[in-house]
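What follows is a short report on a single structure.
Since every read-out is calculated from the coordinates, none of them should be taken as a lab result. Bear in mind the structure is a predicted one, so any value in this text is a computation, not a measurement. All Cβ positions, glycine included, derive from the backbone under ideal geometry; neighbour counts span all protein chains shown.
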Amino acid sequence: MRVALVSPYSWTYPGGVTRHIEALRAELDRAGHDVRVFAPFDSDGRMTAVLHRGARPQAREVPEWLTPLGPTVGWPLNGAVSNCSPSPLAVSTLRRELRAGGFDVVHLQEPVAPMAGWDTLTSADAPLVGTFHCYSESALPHKTAALLGARRKLNRLNVSIAVSEAAAWTGRRFYGGRYRIIPNGVVVPEGGVPAPRARVADEPLRIVFVGQAVERKGLPVLLRAFEALRSQVPAELTVIGLTPEELAPLLVEGEGVTALGRVDDTVKAAVLHDADVLCAPSLGGESFGMVLTEAFAAGTPVVASDIAGYRDVVSAGVDGVLVPRGNATALAETLRDLALDPARVDGLARAAAVSAERYAWPRVAEQVVTAYEDAIAVPEPVGTMRRAGVRIGAVPADGLPRVAVQRLPSLEPAPERRRGAALRRGAIGLAGLATVVGAVLAVDHIGPARIGDALVRSSPPWVLFGLALMCASMLLRAVSWHAILKAALPGARPKLADAVQGTTIGVLMSATLPARLGEPSRALIVARRLGRARDRLPVVLGTIVSQTLINVFALVILGAVMFITIGLFAGKQQALLWYALAPIGLLVVVLVAPALIRSGRPARSRWVAQGRDAVARVRSGLVVFKRPREGFVAITMQLGAWALQWVSCYVLLVALGLEHKADLGAAAAILFAVNVTAVLPVTPSNVGVFQAACMAVLVGAYGVAPAQALGYGIILQAVEVACAVVMGGPALVKEGLSWREVRLRAMHSAPVRLSPPRTPEPAEA
């Protein structure tokens, strides 16, 4: 049989689909079939790296059975990067080769992916087989593909294959049709799966991670879990797929962690066999998980996230253990329990070896060949109209009745467990949508010309002066934090440069992300610099609370100025007094709470224990207020930073010529409003809400024209973002980090606290 295997993904950026094609070709070749592979191929060069988000291709030779289809571009899709070719050259090359090749069957991998396979669905004359590898519940990309004609094109497939029930769910949900499940195969060593490594209880638990540093693979979750795991049992972590330089930015501390980079299959198999467990902490978007079956083939059990694609492969409690996705605590406790129970690990490993046989390539390739034979055996449509319908995709090419799109229930955890997260996401989405709609309506009502005129009339020297004041305020905040760190961590001897690096990077992250990731970002930077990061991080996080309390006090002052200036509190001095006393009450609660929840017994509830630890960390950060010298520096510098920001807001009023209508009181009100509304940001830098807060103050209380007020809000936010970029960008470069790396680690920064290990019950006499 002459077979064409078509891949949409770059051969030199190999992923799961590429490895699947390579192994399938080899197996078909051994069975005597004539196989030709068509795939994009990227050469190494500067432009290639630019088009692939900085990643360089692997150095791979072009085998004689591969026809290159030109270069690709890295597209962020489904939590990873898909390297597909947008070039018409790929389409024309593939059309020409398929016409001249005389193939009995054309096998398209991921037929919906652009662009060569997508075209082949309607341009090829040979019988078509398509394999669906993707699992995704995200409706937007699939519905976009459907609008572009995907359902009609997929009707041209004689046989549709899905690598798992999860992948078949995606096909049925968004495209309709029939799918036969044929899993990804795995190479089982000659002579069978090797016996598991014998391990005694006091040896370190050897853990392996295989994957890329993309968010969906969950590596930061594993790193957090591993940091906690090593506090209770000996453990070693080997990371395949990342170099030491790529892994370093994600580490809080690197003890016990080894990065091997990208290795060949022989080395990978050896490392997997020497491991006790493979850990796959993916957060979602996995249709199968070839690395799981590779571990089975090495005689190694897995600890994996309880997600749709992995549940199709792992028999929970038999050849592996499934843990809730994204739960670093549950992951660490599962690994710890395995480390303390070598007999259980041995039993899981032996079951994993049995499971590997289900996915052995000879068995899988036999099923694929059967699909080819069935595709070839589909009878030609009878009648001109039916032939035309099949040709254009209006009628299914398999000769069976059409199966429409199905509204299937989610494969993810039960709705009641996801309701809280869904409600939060929905609320944030609605708030973001309301912000966008409000901004559009405001601009339309005021008039873009008027807003543009207000911006053009601003004075550049005054704007630059305001930017300089903002930058200076960031430095004063760093000085304040340095004093707090010195008081909380006297043995670590933090330097002013540490606080400056952490503060500037934190400001950059807060200015460019919708979530409040600035605080954990700067805490991570400082903890890494102080050594023994896992021990330092909780205290560093506690010191941020000290600054927050000073910030609350500063907001009270600004609020008092605002209320007195506007006159809202005329005759309501008692309310103003209570308002001023609020931070003192908060401070008292923080200091007294640990004593109220402390007892001589361990906490029965994990939530109580975590709450107690959190409050204890906060108290450690408040030590600065017991030390007059450091406390004086912390308070005066932090309040000085607020004063500079206050003046900067006023300077920008001068830049727009508004000082006659809005004075220093207005600047205080603006600074108060934008900081209060930024407590729960719904967009990066709270764009939209920020301008609305400025307009509410200037238009509502000071009678400034809406166009000028909106122009002021735009300029003020531009100055704040420019300050974050000007100071945070160089700090990232100096730290040797990228924005994405800081974001990934900051999202999973909270230290993991493990419950005490279980003690085995004594045997009955």
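Relative contact order for the range 205-357 using alpha-carbon pairs under 8 Å, separation at least 6, rounded to a whole percent?
25
What FRET efficiency comes out for the pair Glu246/Leu148, r = Cβ-Cβ distance, R0 = 35 Å, nearest 0.05?
0.50
Between Ala696 and Val263, 0.36 nm times their residue separation minus their Cα-Cα distance comes to what?
So the extension gain works out to 150.0 nm.
Out of residues 5 or more away from Gly261 or on other chains, whose amide H comes under 5 Å of its own, with H placed 1.01 Å from N in the peptide plane?
The list, which skips near neighbours in sequence, is Gly241, Leu242, Thr243.
Along the Cα→Cβ direction, 7 angstrom out, place labels at Arg363 and Val725. What is the inter-label distance in nm?
5.6
What ³J(HN,Hα) values, in whole Hz, does the Karplus curve 6.51 cos²θ - 1.76 cosθ + 1.60 give for the range 331-345 when θ = phi - 60°, with x put for Gly and Pro?
5, 5, 5, 5, 5, 5, 4, 5, 4, 8, 9, x, 5, 5, 4
Can you find, among Leu242, Gly256, Ala308, the residue sitting farthest towards the positive end of the charge dipole of the range 205-357, where Lys and Arg contribute +1 and Asp and Glu -1 at Cβ?
Ala308
Gain in length, Asp535 to Trp739, computed as 0.36 nm per residue apart minus the alpha-carbon separation, to one decimal in nm?
Full-extension gain reported as 71.0 nm.
Quote the FRET efficiency, to the nearest 0.05, computed for Arg180 versus Leu408 with a Förster distance R0 of 25 Å and r equal to the Cβ-Cβ distance.
For R0 = 25 Å, the calculated efficiency reads 0.90.
Explain nothing, just the number: dipole magnitude of the range 294-412 about its Cα centre with +1 on each Lys and Arg Cβ and -1 on each Asp and Glu Cβ, in debye rounded to the nearest 20.
Charge dipole, the range 294-412, about its Cα centre: 540 debye, nearest 20.
May I ask you to derive the FRET efficiency for Ala316 and Asp374 from their Cβ-Cβ distance with R0 = 41 Å, giving the value to the nearest 0.05?
With a Förster radius of 41 Å, E is 0.80.
Pull out a ≥ b ≥ c, the square roots of the eigenvalues of the alpha-carbon gyration tensor of the range 205-357, then state rounded if a/c is under 1.5, prolate if not and a/b is larger than b/c, and oblate in the remaining case.
Judged from the Cα gyration tensor, the range 205-357 comes out rounded (a/c under 1.5).
5 Å is the cut-off here: which amide hydrogens, built 1.01 Å from N in the peptide plane, fall below it relative to Val186, excluding neighbours closer than 5 in sequence?
Ala360, Trp361
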